[in-house]
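Data block below; observations after.
The values are calculated or read from the model by the stated rules, or taken from the named source; none is laboratory data. Computed from a prediction, not measured in an experiment: that's the story for all the values here. Neighbour counts run over all protein chains shown; Cβ positions are idealised from the backbone, glycine included.
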Amino acid sequence: MSARTSRRQRRGTFLDFGVQMRPRITGGDAISTTEPRLNDRIKAQRCRLIGEEGEQLGIFMMSDALRMADDAALDLVEIAPNADPPVCKVMDYGKYKYELEQKAKKARKNQTRVEIKEIKFRPKIDIHDYETKKKHVVRFLEAGAKVKVTIMFRGREMVHAERGLAILEKLESEISEIAFVESKPKLEGRNMFMLVAPSKKDVVKPKPAKADDAEEDAPESSDAEE
């Protein structure tokens, strides 16, 4: 065998996963699945049978249970495979699965989605900018959103991190009637942040901005910087 052929075989075995490397799949248990076994795929010799209406019918040979399900034009579903004997139920599995999907879809539709906004402050922020940003925080909270309040430090400002902490503590005290701190102030890299969430009260829908407030509301972007 030439060196070239030997290299090609090694390449096929370890990189291309030739036929000799493929796993052999024998039987239905080689691939795991969340679907229960149905009808003639059930391997047990007998089962504890539950009727279509949930009634306990007792222990049956599998052949008899399959015949009962077939006579009713329904499926035999293995619902507790680890029991001894396994528990099987007579049902319309297609209808049952469809109803489960509809319930899950309805649950997702009714699930409350919490939005997280972010407002950024600088440690040397002036009073006017602070009040403007605080107004945005309040507006987001009243609309039901959580707010991540971030203090951004630059250069040597990190030496006086307590100034950023003072801003967060001041904001916390001023919004305490409508919100609570879900995550205490934390310093990560050059940023210090805390997460505030609205208190459990009726959510107030945001009102349209008035014309004379347009100039003040211009920087309303959720991550507006000073």
Check your understanding: What tally of residues in the range 82-95 results from selecting those that are surrounded by 10 or more Cβ atoms within 10 Å (Cβ to Cβ) and closer than 16 Å to ALA44 by Cα?
Key -> 7
Check your understanding: Restricting attention to the range 178-194, which residues are under 17 Å from HIS136 (Cβ atoms) and either surrounded by fewer than 17 Cβ atoms within 10 Å (Cβ to Cβ) or among the polar types (S, T, N, Q) (or both)?
Key -> ILE178
Exercise for review: Working only within the range 80-125, note down all residues that are out of contact with any Gly (no Cβ under 9 Å at 6 or more places or on another chain), of a type in the set (A, V, I, L, M), part of a loop (DSSP other than H, G, I, E, B) and over 30 Å from ARG154 (Cβ atoms).
Suggested key: ALA83
Review point. For the range 97-114, what are the residues that are modelled with pLDDT of 85 or more and of a type in the set (A, V, I, L, M)?
Key: LEU100, ALA104
Review point. Out of all the residues in the range 186-204, is one or more closer than 18 Å to ILE116 by Cα, modelled with pLDDT under 85 and aliphatic (A, V, I, L, M)?
Key: yes
Check your understanding: Before we move on, is THR132 assigned to a strand (DSSP E or B) and at pLDDT 90 or above?
Key -> no
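What about VAL77, is it part of a strand (DSSP E or B) and closer than 30 Å to GLU35 by Cβ? Step through it out loud before you land on a result.
On the way: part of a strand (DSSP E or B): yes; closer than 30 Å to GLU35 by Cβ: yes.
Yes: the conditions hold for VAL77.
Looking only at the range 96-134, count how many residues are among the basic types (Lys, Arg), more than 15 Å from GLY164 (Cα to Cα) and exposed (fewer than 15 other Cβ atoms within 10 Å of the Cβ).
The first filter runs over the range 96-134 and keeps only residues among the basic types (Lys, Arg), leaving 97, 103, 105-106, 108-109, 113, 117, 120, 122, 124, 133-134.
Subset that is more than 15 Å from GLY164 (Cα to Cα): 97, 103, 105-106, 108-109, 113, 117.
Now drop any that are not exposed (fewer than 15 other Cβ atoms within 10 Å of the Cβ), which leaves 97, 103, 105-106, 108-109, 113.
The qualifying residues number 7.
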Check your understanding: Within the bounds of the range 136-148, is there any residue that is assigned to a helix (DSSP H, G or I) and free of Cβ contacts under 8 Å to residues at least 40 places away in the same chain?
Key -> no
